[in-house]
Amino acid sequence: MPKNSNQKLKLLYLYQILLQKTDEEHKLGMEELLLALSRCGIEAERKSIYSDIAALQDFGLDVVLQRGPGGGYYVASRDFELPELKLLVDAIQCSRFITEKKSAELIGKIESLASEPQARTLQRQVYIADRSKTVNESIYYNIDTLHAAISAGVQITFQYFEWIIDFSGAERIRKRYRRDGARYQISPWALTWDDENYYLIAYEQSSDSIRHYRVDKMEHIALTKLPREGQSLFRDQFNPASYSRKVFGMFSGQEKTVRLQCENRFIGVLRDRFGANLMVQPVDEGHFAVNVTVAVSPQFFSWVFGLGGGVQIVAPEDVHSEFQKQLRQLLE
């Protein structure tokens with residue numbers, strides 16, 4: 001058999017062909033493997049393919065030969081199974097903080113982890129009502145920068161903006177920097193995902209408190225050489241998941257322990273919101289009571305209101321009164 005420059009690459013091409021073209025439902029016989037290699041400019045003999053496949057098996061590739069009609073060689077297992085890849089694709093398509101462009105790029109990379117026939121099944125659209133994609137491409141890189149700052153344990157600076165209505169110009173909806181564009185300086189500690197948005201949880205030295213910021217509204221993030229502060233608040237007592245449960249919709253408010261009286265049918269709702277370790281107390285055959293710690297805010301009141309009277313605030317009195325005040329204002 002004449003040698004050519006591609007012969008040194010034969011094993012790599014064979015590895016690629018098996019990964020791209022085969023799976024449990026799609027197999028390649030010996031003649032098909034030889035033809036596929038020929039298309040890559042490599043002429044091979046059957047005997048060499050047997051030894052090459054054995055080498056790939058020794059390397060760890062799970063190549064199986066199914067004998068009989070419709071049989072052939074195929075890759076039986078991969079790092080990610082097809083159902084796992086489908087879950088990843090669905091999560092990306094449903095994530096509002098990932099732009100359409102970046103979603104397509106990520107899904108394309110996920111498809112490369114499957115065979116070509118399997119990859120075609122990943123080209124599916126998941127439709128979620130009223131879940132529009134962000135147009136801010138920088139959030140993808142902001143997250144990476146923030147992870148680097150958290151890992152390095154340093155403070156960051158950034159600008160923070162909000163969306164406003166402005167009928168005086170051509171763009172009626174535009175961004176406006178808070179603090180007149182002055183840079184924030186904070187100590188980043190954790191990233192959390194709440195209600196389809198990424199938030200940075202951080203310590204602010206000027207107010208000596210824990211703050212959170214929407215990552216898609218942060219711009220021009222820069223790492224400093226200053227060590228981050230707030231260790232006393234974060235090292236022992238802080239739990240990002242617990243923080244997200246208390247702060248409804250990431251709306252800040254005074255943190256209080258609130259007693260709720262709930263219809264029994266809402267136990268799942270309370271468990272989903274506040275976790276599995278709820279300490280519930282029976283009130284009567286149809287109701288239970290529970291104490292939860294929340295950041296009291298209009299967002300918390302709207303959550304209670306949205307449950308249609310099935311959950312009631314019974315204590316403390318000032319929170320109960322504030323809820324009634326909010327309801328009266330809505331009626332007016």
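Listed values, structure above:
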read-out	value
Over the chain: helical MRE at 222 nm, DSSP H runs n ≥ 4 each giving -39500 (n - 2.57), nearest 500	-11000 deg cm²/dmol
Three semi-axes of the equivalent ellipsoid, the stretch 135-226, Cα gyration tensor, whole Å, largest first	24, 15, 12
Net charge of neighbours whose Cβ lies under 14 Å from the Cβ of residue 326, counting Lys and Arg as +1 and Asp and Glu as -1	-1
For residue 205, distant residues with modelled amide H under 5 Å away	187
D (Stokes-Einstein, µm²/s), Kirkwood Cα radius, the chain, 0.890 mPa s at 25 °C	97
Packing-based order for 271-283, 52-64, using average beta carbon neighbours within 10 Å, highest first	52-64, 271-283
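Taken together, the values in this text are just the output of simple stated rules run on the coordinates, not laboratory data. Just so we're clear, the structure is a prediction, and the values are computed from it rather than from any experiment. As a convention, Cβ positions derive from the backbone with ideal geometry for all residues, glycine included, and neighbour counts pool all protein chains shown.
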